[in-house]
Amino acid sequence: MRVVTTLLATLTAVGVTMGALTSAQAQQPLRLGFIPVMGAAQIFVAEGEGWIKQAGLTLNTSTFESGPNMIQALQSGTLDVYVAGLAPLLVARSKGIDVRIVAATVVEEMGFATNAAFSAQIEGKDPAAVFKAFREKNNRPVKLATQPIGSGPNTALQHWLWEVVKADKADVQIVEMGIDATQRAIATNAVEGGSVREPALSIIQKQNPGIKLIATGKDMFPNFPGVVVAVMGSFADANPKAVDGLVRSVIRATAFLKEKPEQAVKHVGAAFGKGLVSDDILLGALKSPQTQFTSDPRRIEESTRKLQDYQVKIGALQKAESLEGLFAFDVYSRAAAAN
């Protein structure tokens with residue numbers, strides 16, 4: 001009898017300990033990395049509206065200057081959730097990193113803007129001819145800023161330059177830099193133009209109305225897959241309920257952003273502007289045609305194949321890989337059905 005009593009006491013103690021560990025793990029914050037663009041707005045709307053907490057989750061967020069920079073964090077195991085452009089994930093998977101897309105957030109978000117001086121030269125004209133004339137007159141190529149090779153902005157810009165407007169590569173110099181640096185470079189005339197997304201576009205146009213959006217995301221790469229929510233495979237396997245809760249929150253936030261942008265501004269401002277960007281600028285960015293919110297990853301499956309093929313063409317990828325396992329459609333469908 002004493003043996004049975006001792007065994008029961010031991011099992012009870014182990015059960016309590018394991019329960020405590022499970023509870024502690026459940027309360028462990030999601031380590032989420034994001035880039036400061038409107039495609040990450042769903043995360044902060046969901047948190048601001050309390051839906052993240054309702055799902056039993058807390059977030060520990062980190063800001064990155066580009067998706068490729070975030071891949072290093074994924075590879076080192078310091079992030080659970082990735083909220084940034086899809087393009088770098090194709091590079092990550094080619095390196096053997098198991099990362100799965102559970103939701104989309106925005107499509108065709110990329111744009112090409114030019115500084116005030118160059119806008120007067122290029123607006124309404126054939127870009128390739130303008131680039132050529134600029135090089136002949138100034139004895140240097142047009143400088144265009146964008147994020148590193150392998151990123152969405154870089155891929156979309158190159159696609160527009162070489163495939164759409166058929167520019168001569170001798171006439172253009174692509175300068176790689178972070179998101180904030182690109183914004184400053186365009187605003188200060190350090191470059192003639194570059195890749196822009198919201199809210200950067202609204203911010204720099206407010207500072208200088210002479211800055212013009214010359215090409216939209218649709219012009220550059222139709223249905224371009226922009227920011228996505230992706231999770232590390234090991235985390236998804238160990239925490240399916242947490243992933244489901246996160247995706248349900250993203251779906252709710254997407255609808256909220258479309259239907260109630262005026263109410264979403266406060267959440268977006270707290271995350272991106274930190275009080276430094278006015279609500280009217282942020283609201284303009286939310287309503288911008290460059291900000292097409294979505295959440296269903298099935299919308300971008302085919303364009304992802306085209307994106308990968310083009311990344312191979314420009315040397316960002318060595319070869320096209322199978323996309324099997326990249327999209328966790330079952331997770332999204334389950335979350336959508338639960339909303």
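The values are calculated or read from the model by the stated rules, or taken from the named source; none is laboratory data. These numbers were taken from a predicted model, which means no experiment stands behind them. Glycine gets a Cβ as well: all are built from the backbone with ideal geometry, and neighbour counts include every protein chain shown.
Looking only at residues in segment 216-241 that are small (Gly, Ala, Ser) and crowded, with 21+ Cβ neighbours inside 10 Å, which one is farthest from the chain's Cα centre (by Cα)?
Taking segment 216-241 as the starting set, the residues that turn out to be small (Gly, Ala, Ser) are 217, 226, 230, 233-234, 236, 238.
Okay, now just the ones that are also crowded, with 21+ Cβ neighbours inside 10 Å, so 217, 226, 230, 236.
Working: 217: 14, 226: 6, 230: 10, 236: 19 Å.
Checked segment 216-241; the qualifying residue farthest from the chain's Cα centre (by Cα) is 236.
Return the total of residues in segment 30-86 being part of a loop (DSSP other than H, G, I, E, B) and hydrophobic (A, V, I, L, M, F, W, C).
Keep residues of segment 30-86 that are part of a loop (DSSP other than H, G, I, E, B), which gives 35-37, 49-50, 55-58, 64-66, 77-80, 86.
Keeping just the survivors that are hydrophobic (A, V, I, L, M, F, W, C) gives 35, 37, 55, 57, 64, 79, 86.
Going through segment 30-86 one residue at a time, the tally reaches 7.
Report yes if residue 116 is crowded, with 24+ Cβ neighbours inside 10 Å and either under 23 Å from residue 201 (Cα atoms) or touching a strand residue (DSSP E or B) at 6+ places or on another chain (Cβ under 6 Å) (or both), otherwise no. Steps first, answer last, please.
Values: crowded, with 24+ Cβ neighbours inside 10 Å: no; either under 23 Å from residue 201 (Cα atoms) or touching a strand residue (DSSP E or B) at 6+ places or on another chain (Cβ under 6 Å) (or both): yes.
Answer is no for this residue.
Determine, yes or no, whether residue 229 is modelled with pLDDT of 90 or more and over 16 Å from residue 37 (Cα atoms).
Values: modelled with pLDDT of 90 or more: yes; over 16 Å from residue 37 (Cα atoms): no.
Here the answer is no, as residue 229 does not meet what is asked.
Kindly indicate which of 290, 318 is buried (at least 18 other Cβ atoms within 10 Å of the Cβ), polar (S, T, N, Q) and modelled with pLDDT under 95.
290
Take residue 129 and decide whether it is crowded, with 24+ Cβ neighbours inside 10 Å and at pLDDT 95 or above. Give the derivation first.
Details: crowded, with 24+ Cβ neighbours inside 10 Å: no; at pLDDT 95 or above: yes.
No.
Which residue pairs have Cβ atoms under 8 Å apart, sit 6 or more places apart or on different chains, and have a first residue in segment 62-86 that is modelled with pLDDT under 85 and a second that is of a type in the set (S, T, N, Q)?
Close Cβ pairs (under 8 Å, with a partner that is of a type in the set (S, T, N, Q)) amount to 65/147; 66/147; 66/151; 67/147; 67/151; 68/147; 68/151.
Say we look at segment 177-215 and pick out the residues that are among the basic types (Lys, Arg) and touching a residue at least 60 places away in the same chain (Cβ under 8 Å); which of these is farthest from residue 64 (Cα to Cα)? Before the answer, list the steps.
First, the residues of segment 177-215 that are among the basic types (Lys, Arg): 184, 197, 206, 212.
The next check asks that each one be touching a residue at least 60 places away in the same chain (Cβ under 8 Å); those that pass are 197, 206, 212.
Numbers: 197: 15, 206: 24, 212: 26 Å.
Among them, the one singled out is 212.
Would you kindly identify the helices (runs of 4 or more DSSP H) lying entirely within segment 231-339 that contain at least 3 residues that are among the acidic types (Asp, Glu)?
Fully inside segment 231-339 and qualifying: 301-314.
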